[in-house]
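Some notes on the structure that comes next.
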Amino acid sequence: MNAKLPVRVRFAPSPTGFFHIGGARTALFNWLYARHCGGKFILRIEDTDRQRDTEEALRSLIDGMRWLGLEWDEGPGAGGPHGPYFQSERGEIYREYVGQLRDTGRAYDRDGAVWFRVSGQPALIRDRIRGDVRRLEEKDFVIVRSDGSPVFHLVNVIDDIAMDISHVIRGEDHLSNSSKHVELFQAFGREPPTFAHIPLILKTVGSGKMSKRDSGASIEDYRRRHYIPAAVRNYLCLLGWSPKDDREILPIEEIIRLFDIDGINGNNARFDEKKLAFMDGEYVRALPPEELLVRARPILQSAGLLSAGESSPQSEGDGCDGYLGAVLRICQEKLRGLEDLPGFCGYFFSRDFPRDPKGLEKISKTGDPAARIREFLEAIRGDCPFEEKSLEGMVRRLADKSGLKTGDYIHAVRHAVSGQMVGPGFYGLLMVLGREEVQARLENFLHTQGLLQD
RNA sequence: GCCCUCAUCGUCUAACGGUUAGGACAUCGGAUUCUCAUUCCGGCAAUCGGGGUUCAAUUCCCCGUGGGGGUGCCA
């Protein structure tokens, strides 16, 4: 109707339990719409349930929002002209509004509670996603409990009025409630805002919407597992919205530019943790080296592989980031996610690394691997320059001489120095470890195998 | 039960009423005379059913079926 109305949207969670995927997606769509329109994004805490609200849940919510980069223009910590932004602090405002309803005969007392008198007319819910929805609210409902605390429907509407909310973007589970809300808006003499009831996120398996208990539902979980927040955010954008071309991985600025309510589809989406993991991998592999370094260091430190100030097992003095940076440079293109970084490259930082149990068997298929490792060891002890091209030529000559494949040498040496059968490119791996370390590890391997064979 | 809502590959999705129904994840093959968890190539795989409207329907309408939500002094 009024196209010139400034866009003001809000995310209005109640702080119960942890911050979950569904809430995050609702927050995200509101944020996207505000940023797309140049409007305001408001965070309002609906803490009217004294039994279930917790400080911990509020922390989880705020941290999760910040982690995802969904900064708010008004709300806790940001202030704003329509505060306070905690409903628990707005009792005075609600009493005033309830007084209005009493004055016009729309509110009355019964059983110690305050009830709202419905109009008996079907409410018209103007919804940008569902179209015009008409629904008759048949029965009067409670707006203030007998203990004096106001109910969700009441405060939600009052605050949307008081905070000049122009668009209500929320989950479809609220669509049926909207007839209550429209009635309240009208009872207050206000035009209801434009609604947009977005589809729900369903469980990966089984029936029903995703709940806080489902695996993969917690935003904190992804943070703990070192997911890239932009990847999680990008995935969430694609649940119910698409850029309409074949792109899926887009910078957030591009999504903001393209995002609009009309582009949101109406059908529920099943959560797919595998696709999220894939996207995270794409983001990890595309990370600028400096950012990868910043993210990787604490992960390796908390895995006990890296202590502050020392990053290579034997080297002193040479810049820590020099060694860590070199490791990351050869590993990055192979990473699936930061979560398994310690498992993927831990052997660079410690000689006490796990061995692939199938490894020895695999490298023994073409004969005794110790013989090949000895040949290799002899070669690098000699005058072969420790440099990729030279090493490659050296391995080729060994293979030609013995009639084996270069891979037979490479796999054996890789396993001996890293314990793994997969990893970064072989010659890069040797260069980063360095001649001394490679020699030491190969000797150690031969020694250990000798003992095992006794 | 009643009310609201939705319906394209297993999953997320694209397709002015006219396309060999496209892409991505997953999955299955193959390639990269060093691995693969990277990269590249290829395969499998969908318009829920029935009626209309129309020269023509994935697309519009109706009915059915199925999914989801609501139906609290929870939010």
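Quick notes on this one:
- Residues that are closer than 20 Å to A:ASP173 by Cβ and charged (D, E, K, R) within region A:108-145 comprise A:ARG126, A:ASP127, A:ARG128, A:ARG130, A:ASP132, A:ARG134, A:ARG135, A:GLU137, A:GLU138, A:LYS139, listed in sequence order.
- The number of residues in region A:394-431 that are of a type in the set (Phe, Trp, Tyr) and farther than 11 Å from A:ILE373 by Cβ comes to 2.
- In region A:413-444, the residues that are of a type in the set (S, T, N, Q) and within 11 Å of RNA strand B (Cβ to nearest atom): A:SER418, A:GLN420
- Lone unmet requirement of (1) surrounded by 14 or more Cβ atoms within 10 Å (Cβ to Cβ); (2) in contact (Cβ under 8 Å) with a residue 24 or more places away in the chain; (3) in a helix (DSSP H, G or I) for A:GLU436: (1)
- Test: residue in region A:58-77 that is within 25 Å of A:HIS153 (Cβ to Cβ), modelled with pLDDT of 95 or more, within 14 Å of RNA strand B (Cβ to nearest atom) and among the small types (Gly, Ala, Ser): no
- Summed over region A:42-101, residues that are farther than 20 Å from A:ALA217 by Cβ and aliphatic (A, V, I, L, M) total 7.
- Residue satisfying all of: in region A:227-249; within 13 Å of RNA strand B (Cβ to nearest atom), in a loop (DSSP other than H, G, I, E, B) and within 15 Å of the chain's Cα centre (by Cα); surrounded by the fewest Cβ atoms within 10 Å (Cβ to Cβ) among these: A:ILE249
- Residues in region A:272-292 that are more than 13 Å from the chain's Cα centre (by Cα) and hydrophobic (A, V, I, L, M, F, W, C): 3 in all.
- A:ASP262 being of a type in the set (D, E, K, R), within 24 Å of A:GLY23 (Cα to Cα), within 11 Å of RNA strand B (Cβ to nearest atom) and part of a helix (DSSP H, G or I): yes
- A count restricted to region A:32-52 and to residues that are assigned to a loop (DSSP other than H, G, I, E, B) and crowded, with 18+ Cβ neighbours inside 10 Å stands at 5.
- Members of region A:54-63 that are crowded, with 18+ Cβ neighbours inside 10 Å and either among the charged types (D, E, K, R) or out of contact with any helix residue (DSSP H, G or I) (no Cβ under 9 Å at 6 or more places or on another chain) (or both): A:ALA57, A:LEU58, A:ILE62
- Flag not set for A:ARG95, criterion: touching a helix residue (DSSP H, G or I) at 6+ places or on another chain (Cβ under 7 Å), modelled with pLDDT of 95 or more and farther than 17 Å from A:ALA27 by Cα.
- Residues (within 9 Å of RNA strand B (Cβ to nearest atom) and either within 18 Å of A:GLU183 (Cα to Cα) or in a strand (DSSP E or B) (or both)) located in region A:99-113: A:ARG110, A:ALA113
- Residue selected from region A:19-28 under the condition within 12 Å of RNA strand B (Cβ to nearest atom) and closer than 14 Å to A:ILE261 by Cα, by the criterion surrounded by the most Cβ atoms within 10 Å (Cβ to Cβ): A:ARG25
- Neighbours by Cβ (under 8 Å, 6+ apart or cross-chain): first from region A:394-408, under 16 Å from A:LEU377 (Cβ atoms) and within 12 Å of RNA strand B (Cβ to nearest atom); second in a loop (DSSP other than H, G, I, E, B) and of a type in the set (Asp, Glu): none
- Subset of region A:199-225 (residues that are in contact with a helix residue (DSSP H, G or I) (Cβ under 6 Å, 6 or more places away or on another chain) and among the aliphatic types (A, V, I, L, M)): A:LEU200, A:ILE201, A:MET210, A:ALA217, A:ILE219
- Among the numbered conditions (1) in contact with a Lys or Arg (Cβ under 8 Å, 6 or more places away or on another chain); (2) in a helix (DSSP H, G or I), the only one that A:GLU92 does not meet is (1).
Each row is one residue, and each column tells you yes or no for (1) hydrophobic (A, V, I, L, M, F, W, C); (2) surrounded by 15 or more Cβ atoms within 10 Å (Cβ to Cβ); (3) assigned to a helix (DSSP H, G or I); (4) modelled with pLDDT of 90 or more.
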| position | (1), (2), (3), (4) |
| --- | --- |
| A:ALA370 | yes, yes, yes, yes |
| A:ARG374 | no, no, yes, yes |
| A:GLU378 | no, no, yes, yes |
| A:ASP383 | no, no, no, no |
| A:ARG397 | no, no, yes, yes |
| A:GLY407 | no, no, yes, yes |
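The values are calculated or read from the model by the stated rules, or taken from the named source; none is laboratory data. All values derive from a computational prediction rather than experimental measurement. Positions of Cβ are backbone-derived with ideal geometry, glycine not excepted, and every protein chain shown enters the neighbour counts.
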